[in-house]
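The values are calculated or read from the model by the stated rules, or taken from the named source; none is laboratory data. All figures in this text were calculated on a predicted structure; none of them were measured in a lab. As a convention, Cβ positions derive from the backbone with ideal geometry for all residues, glycine included, and neighbour counts pool all protein chains shown. Accessible surface is based on the protein model in full, side chains and every heavy atom, while ligands, DNA and RNA are left aside. Shrake-Rupley method; radii C 1.70, N 1.55, O 1.52, S 1.80 Å.
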Amino acid sequence: MQTSTTSKLLVSDIASSVDRVPSSYIRQISDRPNISDVDISGDSIPLIDLQELYGPSRANIIHQFAHACSSYSFFQIKNHGVPEKTIERMMTVAREFFHQPESERVKHYSADTKKTTRLSTSFNVGSEKVSNWRDFLRLHCLPIEDFINEWPSHPVSFREITAEYATSVRALVLILLEAISESLGLEKDRVSNTLGKHGQHMALNYYPPCPQPDLTFGLPGHKDPNLITVLLQDEVSGLQVFKDGKWIAVHPIPNTFIVNMGDQMQVISNDKYKSVLHRAVVNSDKERISIPTFYCPSFDAVVGPQQELINEEEDSPAIYRSFTYAEYYEKFWDRALATESCIDTFKISKT
């Protein structure tokens, strides 16, 4: 039975009462998931074991980073040092948050993309023509003490658990940045030092079951605007990465994270490590939760290609001009999520 959805702010409060996808979520035929064309076979992206990162095999692990970042821009990591209990608690409290009554959740609703703590739906409800089958709670979390009092106070353990998780993931990110920096042939603190005071955001993504998953997306193909993203996902598949002209399904592996390069890494590396398209599909049977941590420069940081990676004589000129992250971030949020990245607007003209 079809019911009125006009009064509902969030897709999770629509999903349970419809047996067809509302028209505002339906993609054009040329822009649908086409799930039958997705490669779902076997291993899809590299899996790096961080166990030996500080042992005698460090050089080999750094080589694995270089291969994963240059060939895929996506990889999975295990033995990452974030306690399994911390991960379990974070996933549980995220699920509890989205299972609360609508009246409790919508207290945090805002369509203002500049708010540092906000619940919303789709991607940017103010600028997109077709909505996405996703609700999300977005949190700024560095430094935590500046933002924690904005975070939801229900469930009652939300702030404590989320702060513990965010702190653990930040420690992991700093380790990853050293390895990625070394894999580019730079000093291990070089990438980190380009980020100013650093920035860290999280999103708790909730994808409810969808009656017609072939007509819509949780998130359509897009590239991340930040430096790197560290993704925690539950056991339900949904993430797909674009590689060699086709979409590849990334199957969840318990107690691992998925890491991908964002636009700022592409600029800093002078295109050696690319930001690549990825998307989230939905399904008709199960809800899905994913929790990406977006690590980025602080807004006043100046981002540009690293000097050691520029060599005019060897045909490796600087591809991008320098810019502040605030300038980039504003361009990103001013538009709907799109397959074309705003990174191209910062390219140096060759004429």
- Task: Can you send over the carbon and sulfur percentage of the accessible area for the chain, probe radius 1.4 Å, protein chains only?
- Result: 50
- Note on the chain: contact order normalised by length, alpha-carbon pairs under 8 Å, 6 or more apart, percent, works out to 21
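Can you flag which of Lys197/Lys272; Lys114/Lys188; Lys78/Lys223; Lys188/Lys331 are past 26 Å Cα-Cα? Write down the numbers at each step before the final one.
Values: Lys197/Lys272 24 Å; Lys114/Lys188 32 Å; Lys78/Lys223 24 Å; Lys188/Lys331 30 Å.
Too far apart for the 26 Å limit: Lys114/Lys188; Lys188/Lys331.
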- Item | Overall Cα dimensions of the range 119-205 - principal axes, largest extent first, Å | 42, 36, 19
- Per residue solvent-accessible surface (Å²) - the range 11-346, probe of 1.4 Å: 42
- How much FRET efficiency would the formula 1/(1 + (r/R0)^6) give for Asn60 and Ser7, where r is the Cβ-Cβ distance and R0 is 56 Å, rounded to 0.05? 0.45
- In order through the range 323-329: 3J(HN,Hα) via Karplus (6.51 cos²θ - 1.76 cosθ + 1.60), integer Hz, x for Gly, Pro: 7, 7, 5, 4, 4, 5, 4
- Query: Which cross-chain or sequence-distant (5 or more) residues have an amide H under 5 Å from the amide H of Tyr109, H modelled 1.01 Å from N in plane?
  - Reply: Leu119
- Message: For a quick check, take a GNM of the chain with Cα springs below 10 Å and name the residue from Lys243, Lys85, Lys331 with the largest mean-square fluctuation.
- Response: Lys85
- Query: Under a point spin-label approximation (7 Å from Cα along Cα-to-Cβ), what is the Ile253-Asp271 distance to one decimal in nm?
  - Reply: 3.2
- Task: In whole Hz, with x marking every Gly and Pro, tabulate ³J(HN,Hα) for the range 146-153 from phi via Karplus 6.51 cos²θ - 1.76 cosθ + 1.60, θ = phi - 60°.
- Result: 6, 10, 4, 6, 7, 5, x, 9
- Listed residues Val125, Val169, Val302, Val130 arranged by accessible area, highest first, probe 1.4 Å: Val302, Val125, Val130, Val169
- Query: For the range 30-82, which chymotrypsin sites (Phe, Trp or Tyr not before Pro) are in a loop by DSSP, counting at most 11 other Cβ atoms within 10 Å?
  - Reply: Tyr54
- Task: For the chain, find the longest principal axis of its Cα atoms and tell me its angle to the long axis of helix 158-183, 0 to 90°, nearest 10.
- Result: 30
- Multiply the residue gap between Arg27 and Gln51 by 0.36 nm, knock off their C-alpha separation, and tell me the result in nm, one decimal place. 4.3 nm
- Note on the structure: If R0 = 25 Å, then Ala171 and Asp112, at their Cβ-Cβ distance, give a FRET efficiency to the nearest 0.05 of 0.20
- Item | Fluctuation leader among Gly199, Gly218, Gly55 - the chain, Gaussian network, Cα springs under 10 angstrom | Gly55
- Message: Can you compute 3J(HN,Hα) from phi for each residue in the range 236-249, using the Karplus curve 6.51 cos²θ - 1.76 cosθ + 1.60 with θ = phi - 60°, rounded to whole Hz and x for Gly and Pro?
- Response: 8, 5, x, 6, 9, 10, 8, 9, 6, x, 8, 8, 10, 6
- Query: Add -39500 (n - 2.57) for each DSSP H run of 4 or more in the chain, then divide by its residues: what number comes out at 222 nm, to the nearest 500 deg cm²/dmol?
  - Reply: -7000 deg cm²/dmol
- Amide H proximity to Thr324 below 5 Å, modelled H, separation 5+ or other chain, gives Val303
- Item | Cut-off under 5 Å, modelled amide H: who pairs with Asn226 long-range | Asp263, Gln264
- Taking Cα atoms, how many degrees apart are the long axis of helix 58-71 and the longest axis of the chain, rounded to 10 and kept between 0 and 90? 60
- Message: As I understand it, the value is the acute angle between the Cα axis of helix 84-98 and the longest principal axis of the Cα atoms of the chain; what does it come to in degrees, rounded to 10?
- Response: 40
